[in-house]
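The structure appears right after this line, and notes come after that.
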Amino acid sequence: MIGSTRNLKVFAYSLPCDMRKGYDGLGSLVTHALKRDPLSGEVFVFVSRNRKRTKVLHWDGTGLCVYSKRLEKGRL
């Protein structure tokens, strides 16, 4: 859970994403595929092909944060 005291816009990348991508790779997807600014404070969600892994990219005001989760059971 991402804690915040303000309203956040969340955007999901609709295609499977390479989970090896980090700050720069995910930021590039946000800029080129989603046509958004990764430094806007909005939240961007990416999932793997098998939908067992997810990454979230978020600008917290001081830097980019990448949150990652791997499900042991079930899928997203």
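The values are calculated or read from the model by the stated rules, or taken from the named source; none is laboratory data. Keep in mind that what you see is a predicted model, and the values were worked out from it rather than measured. Positions of Cβ are backbone-derived with ideal geometry, glycine not excepted, and every protein chain shown enters the neighbour counts. With ligands, DNA and RNA removed, areas are computed over all heavy atoms of the protein, side chains included. Shrake-Rupley method; radii C 1.70, N 1.55, O 1.52, S 1.80 Å.
Summary of computed values
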{"item": "Carbon/sulfur fraction of accessible area - the chain, other protein chains in place, 1.4 Å, %", "result": "51"}
{"item": "Mean Cβ count within 10 Å, highest first, over the residues of peptides 56-64, 37-45", "result": "37-45, 56-64"}
{"item": "Cα-based Rg and Dmax for region 6-48, where Dmax is the largest Cα-Cα distance (Å)", "result": "10.0, 30"}
{"item": "For the chain: accessible area per residue (Å², 1.4 Å)", "result": "72"}
{"item": "Hydrodynamic radius by Kirkwood, which averages 1/r over all alpha carbon pairs of the chain, in angstrom", "result": "12.7"}
{"item": "Helical contribution to [θ] at 222 nm, DSSP H n ≥ 4, -39,500 (n - 2.57), averaged over the chain, rounded to 500", "result": "-4000 deg cm²/dmol"}
